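Input: a single structure, listed below in structure tokens.
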Amino acid sequence: MTLKSFLAAGAFVAASAVAMPAIAGETLDAVRDRGELRCGVNTGLAGFSNPDSEGNWQGLDVDVCKAIAASILGDADAVSYTPLTAQQRFTALQSGEVDVLSRNTTWTLTRDTSLGLHFAPITFYDGQGFMVRKELGVESVHDLDGATICVQPGTTTELNLADFFRANEMDFEPVVIEDFEEVNAAYFAGRCDAYTTDSSGLASVRSTAPDPTAHMILPEIISKEPLGPAVRQGDDEFFNIVKWVVYALIEAEEYGVNSENLEEMRETSENPGIKRLLGAEPGMGEHLDLEEDWAYNAIEAVGNYGEIFERNVGPDTDLGLERGINGLWTDGGLMYAMPVR
Amino acid sequence: MTVPTGVETNRTGVAALWHDPQARSIIYQAVALGLVILAGWYLFSNTLQNLEERNISTGFGFLDRSAGFSISESLVSYEASDTYGRAFLVGLLNTLQVALLGIILATILGTIVGILRLSTNWLVAKLASAYVEILRNIPVLLQLFVWYGVITITLPSPRQAFEPMPGVFLSNRGFMIPAPVDDPVHGYMGIALLLAILLSLALRAWARRRQNRTGLQFPVFPCSLAMILALPIIAWMVGGAPVVFELPILEGFNFQGGITLSPEFGALLLGLTTYTSAFIAEIVRGGILGVDHGQTEAAASLGLRRVRVLRFIVLPQALRLIVPPTTSQYLNLTKNSSLAVAIGYPDLVSVGNTTLNQTGQAIEAVTIFMTVYLSFSLAISVFMNWYNSRIALVER
Ligand SMILES: N[C@@H](CCC(=O)N[C@@H](CS)C(=O)NCC(=O)O)C(=O)O
């Protein structure tokens, strides 16, 4: 991992030195020529991006990759996944190693402005939490004064942690390990009293614990972590595609279009919105420089946003997360698609 | 006078220059240098242009900005509100600390194992070879993981810490020992130690002169050792023998007070030391074997004792063979210390990677890494070359 991040940085340095300036449209052309979308994902975070026992990538972030590939190439399996640690992810995107980064990445001002990235719409609204061993008898984050806390470097998590303890005049000792497996192992071995990351990540890490019931997630959420896919700046066409694929998934849920009734809806629906979305009424695809069935293909492959959520992280999965703020705006959540028209 | 005839004399200006071998070689070199500079400039300006087009920040201005992340251990004071520049300094000092200690320990350990491998005792020699072969042939990164795992998994939690001696604790949070509470006497002890070292050096010079004059020997080493141990202790007793120690005490989650050796530092130091010592052991063994056996026999027939044969005949000659390859082991150890990231010791690369990621300034961070490691390596090389030339055989 170490070597890899170093190589990624090196490759980026080399790429910056010789690469041609980005030309709008080049990413889409490259994806089409290659017949494959290159997607940067997590090294293995259950529910978000994790290879199953047969090596097929699964998860919410992975489904976003699949939806984009289906929209562009008509084939949700035409994706090559690059697992990236928090440290490697931005250089991998900047250097062109991946076309899109779909890896529980928080949208912040600094990342948006100084890393040369554009964030597409949020696919998961998250917040940072803490997990502790139950035997410690800790009830609240405010009991953690003096604790040793495991955290991954290069994350917003690491920064929020320092901010939070400073603001509350508490002390802590960080144990900062880049590799996800290693940092989890350190926590489970008792090197740390607490483990902190996005609360979705906590649920995921806890589900992989030797004994999940021995650990509890503290009630406090100390930050906002809007997670969404990111692309390179300088290619507006591709940015638009990623942006609108995400919106299409959400809009489909708003319209009640799902992977099962999709075909029927395209044939029979009289709702002009649905007709535009599914390409029964042409135009939208053309604006994006895609086929008219772009959204149809995406929804056919992975379902609408609600289906993606339920399948990967919902109450029936190991993570068991409620929709909460990730519900549709019409249900009091934050998921709100800009109109596809 | 006869005018020399020949083609050369008729050439003037550029042609003459071209046919002058010396001038020609200068021209070639100038052209080559020019091309290198041009290529460098092309890469540099193109990089800047590309970064700008991609809206990626450049420049070293970020070093003055607040870092915002915490670092677990530091030789100088550091808080999350300090700058990225200071964070780099913390990482650099941590790298220096582990590299320096690692080099000293690996040298001692390597020398011992190397000599043991030559032992006439079968078991000792075989154990030493097993040590060398095992450690040398397993990738050092794996060894670090093993050490780290051993420390964090096998040791108990702080609440159940081992206490081998009162005030000394061993747990998966590290190794805690009492710290002497600041006292003016410590300063005097330091002065006494310095004095003892100076006296030892003087004693050695005197003993050497006396031996040259009279042939009489003086036990310099035991005397120096006695002084170095005794003088600080005397200073301490004269100062009223203060025995105030700050004991590590379990408070809340962890031990407070005392001196802590973290598992990360411990695992890294252990891993680097043992790995490198295996290579040094081989170098030492090779160096000793490289000294012609006739030398030992000749020395023995002069009636020198074994230790003296080693000290005065074999080692000085072996060192010439040992020092250059050992230098490259020192360089390796220093560079391998960057594997610290894997087990969470905040060395230069670990802190730098975090900075790189938080600021996105890959090129700047990588430049800092390269500059620092290059300087370390050059410094080690210069020192070792100086040492090597000092111990080189002087032909008489
Ligand atoms: N959302 C945060 C944190 C993202 C993050 O890297 N989280 C960790 C902990 S859940 C993770 O995904 N690690 C998996 C890996 O390194 O592959 C950010 O963007 O900085």
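The values are calculated or read from the model by the stated rules, or taken from the named source; none is laboratory data. None of the values given here were measured: they were computed from a predicted structure. Every residue, glycine among them, receives a Cβ derived from its backbone with ideal geometry; neighbour counts consider all protein chains shown. These accessible areas exclude ligands, DNA and RNA; they are computed on the full protein's heavy atoms, side chains included. Shrake-Rupley method; radii C 1.70, N 1.55, O 1.52, S 1.80 Å.
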Considering only the stretch A:51-72, I want to know if a residue exists there that is in the same structural domain as A:Arg323 (by TED's automatic domain parsing), within 13 Å of the ligand (Cβ to nearest atom) and either over 15 Å from the mean Cα position of the chain (by Cα) or assigned to a strand (DSSP E or B) (or both). yes
Apart from one, (1) away from chain B (no Cβ under 14 Å); (2) at pLDDT 95 or above all hold for A:Phe238; the odd one out is (1)
Note: among B:Ile104, B:Ile56, B:Ile27, B:Ile71, just one is open to solvent by 50 Å² or more (accessible area, probe 1.4 Å) and at pLDDT below 95, namely B:Ile27
Residue count, the stretch B:51-69, condition over 35 Å from the mean Cα position of the chain (by Cα) and in contact (Cβ under 8 Å) with a residue 24 or more places away in the chain, comes to 2
Any residue that is within 14 Å of chain B (Cβ to nearest Cβ) and away from the ligand (no atom under 16 Å from the Cβ) - is there at least one of those in the stretch A:252-273? no
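B:Leu43 - would you say it is within 14 Å of chain A (Cβ to nearest Cβ), farther than 30 Å from B:Val14 by Cβ and part of a helix (DSSP H, G or I)?
Judged against the criteria, B:Leu43 is a match.
Look through B:Leu304, B:Leu348, B:Leu331, B:Leu310 and report the one residue that is more than 14 Å from chain A (Cβ to nearest Cβ) and open to solvent by less than 50 Å² (accessible area, probe 1.4 Å).
Details: B:Leu304 fails: open to solvent by less than 50 Å² (accessible area, probe 1.4 Å); B:Leu348 fails: more than 14 Å from chain A (Cβ to nearest Cβ); B:Leu310 fails: open to solvent by less than 50 Å² (accessible area, probe 1.4 Å).
Among B:Leu304, B:Leu348, B:Leu331, B:Leu310, only B:Leu331 is more than 14 Å from chain A (Cβ to nearest Cβ) and open to solvent by less than 50 Å² (accessible area, probe 1.4 Å).
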B:Gly360 meets each of (1) within 14 Å of chain A (Cβ to nearest Cβ); (2) closer than 16 Å to B:Thr95 by Cβ with one exception, condition (2)
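How about the stretch A:31-43: which of its residues are in contact with a helix residue (DSSP H, G or I) (Cβ under 9 Å, 6 or more places away or on another chain) and away from the ligand (no atom under 16 Å from the Cβ)?
Residues of the stretch A:31-43 that are in contact with a helix residue (DSSP H, G or I) (Cβ under 9 Å, 6 or more places away or on another chain), as a first pass: A:31-32, A:35-43.
Within the stretch A:31-43, A:Val31, A:Arg32, A:Gly35, A:Glu36, A:Leu37, A:Arg38 qualify.
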Among helices (runs of 4 or more DSSP H) completely within the stretch B:270-368, the ones holding 3 or more residues that are closer than 30 Å to A:Glu173 by Cβ and in contact with a helix residue (DSSP H, G or I) (Cβ under 9 Å, 6 or more places away or on another chain) are B:315-336, B:340-343, B:348-359
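For residues that are part of a loop (DSSP other than H, G, I, E, B) and more than 9 Å from the ligand (Cβ to nearest atom), tally how many sit in the stretch A:147-199.
The initial filter retains those residues of the stretch A:147-199 that are part of a loop (DSSP other than H, G, I, E, B), namely A:152-155, A:168-171, A:177-179, A:189-193.
Subsequent filtering for residues that are more than 9 Å from the ligand (Cβ to nearest atom) retains A:153, A:168-171, A:177, A:189-193.
The total comes to 11.
So if I check each of A:Ala46, A:Ala17, A:Ala8, which one is within 16 Å of the ligand (Cβ to nearest atom) and modelled with pLDDT under 60? Working first, answer last.
Working: A:Ala46 fails: modelled with pLDDT under 60; A:Ala17 fails: within 16 Å of the ligand (Cβ to nearest atom).
Only one candidate passes the filter, namely A:Ala8.
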Residues in the stretch A:200-237 that are assigned to a loop (DSSP other than H, G, I, E, B) and within 14 Å of the ligand (Cβ to nearest atom) total 8
For the stretch A:100-117, pairs from a residue that is more than 8 Å from chain B (Cβ to nearest Cβ) to a residue that is basic (Lys, Arg) and within 12 Å of the ligand (Cβ to nearest atom), with Cβ under 7 Å and 6 or more apart or across chains, are A:Leu101/A:Arg89; A:Arg103/A:Arg89; A:Thr105/A:Arg89; A:Leu117/A:Arg111
The number of residues in the stretch B:248-278 that are among the aliphatic types (A, V, I, L, M), in contact (Cβ under 8 Å) with a residue 24 or more places away in the chain and open to solvent by 10 Å² or more (accessible area, probe 1.4 Å) is 5
By residue number, the members of the stretch A:254-292 that are touching a residue at least 24 places away in the same chain (Cβ under 8 Å), open to solvent by 50 Å² or more (accessible area, probe 1.4 Å) and under 26 Å from the mean Cα position of the chain (by Cα) are A:Glu254, A:Asp289, A:Glu291
